[in-house]
Amino acid sequence: MILHLQYKSYKKSMEILSKTIRKNGFSYEQVCRNEFAAVYAQMVGGLIIAYEVFEIRQQKEGSATMGGVEIQFKEKELFPGDNEFGKTAWSVKNKDKAIQMFNGLKVGWNKEQES
């Protein structure tokens with residue numbers, strides 16, 4: 001069973017993470033989140049195989065020129081990429097452990113600040 005916890009959107013213009021995501025051949029369904037972190041159930045064929053716990057990163061609005069073409073980027077929240085796991089994202093098999101990790105994430109935590 002997936003439990004959806006709601007939170008109040010903190011920035012109306014920012015695109016927030018979808019409650020369901022398809023990525024790398026997996027389906028993800030949001031279990032819980034707050035303004036700074038989220039837990040998604042990772043599924044294959046409708047069966048939960050793991051839980052992804054991560055700090056929510058944000059893409060700023062802006063533009064870049066690629067191949068002579070200007071590309072516009074909208075402000076949005078980002079699902080973690082593979083290189084973020086072990087740093088600001090974790091994959092765990094146990095839902096209780098995932099929720100414990102989620103609850104332990106500090107508001108605005110930054111690894112460099114702890115050094």
- Query: If you scan region 63-90, which residues turn out to be small (Gly, Ala, Ser) and exposed (fewer than 15 other Cβ atoms within 10 Å of the Cβ)?
  - Reply: 63, 64, 67, 68, 81, 86
- Of everything in region 55-83 that's among the hydrophobic types (A, V, I, L, M, F, W, C) and touching a Leu at 6+ places or on another chain (Cβ under 9 Å), which residue is farthest from residue 13 (Cα to Cα)? 79
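Consider region 42-100. How many of its residues are small (Gly, Ala, Ser) and under 18 Å from residue 27 (Cα atoms)? Talk me through it step by step, then tell me what you get.
Let us first name the residues in region 42-100 that are small (Gly, Ala, Ser), namely 45-46, 50, 62-64, 67-68, 81, 86, 89, 91, 98.
Subset that is under 18 Å from residue 27 (Cα atoms): 45-46, 50, 81, 89, 91, 98.
Looking only at that region, the number is 7.
Just give me the residues in region 39-61 being in contact with an Asp or Glu (Cβ under 8 Å, 6 or more places away or on another chain) and either surrounded by 13 or more Cβ atoms within 10 Å (Cβ to Cβ) or assigned to a strand (DSSP E or B) (or both), in sequence order.
Initially, region 39-61 is screened for residues in contact with an Asp or Glu (Cβ under 8 Å, 6 or more places away or on another chain), giving 39-43, 54, 56-61.
Across region 39-61, the qualifying residues are 39, 40, 41, 42, 43, 54, 56, 57, 58, 59.
Every read-out reported here was derived from the displayed coordinates using simple, explicitly stated rules and does not represent laboratory data. Note that the structure is predicted; figures quoted are calculated from it, not measured. Here the Cβ is made from the backbone with ideal geometry for all residues, glycine too, and neighbour counts use every protein chain on show.
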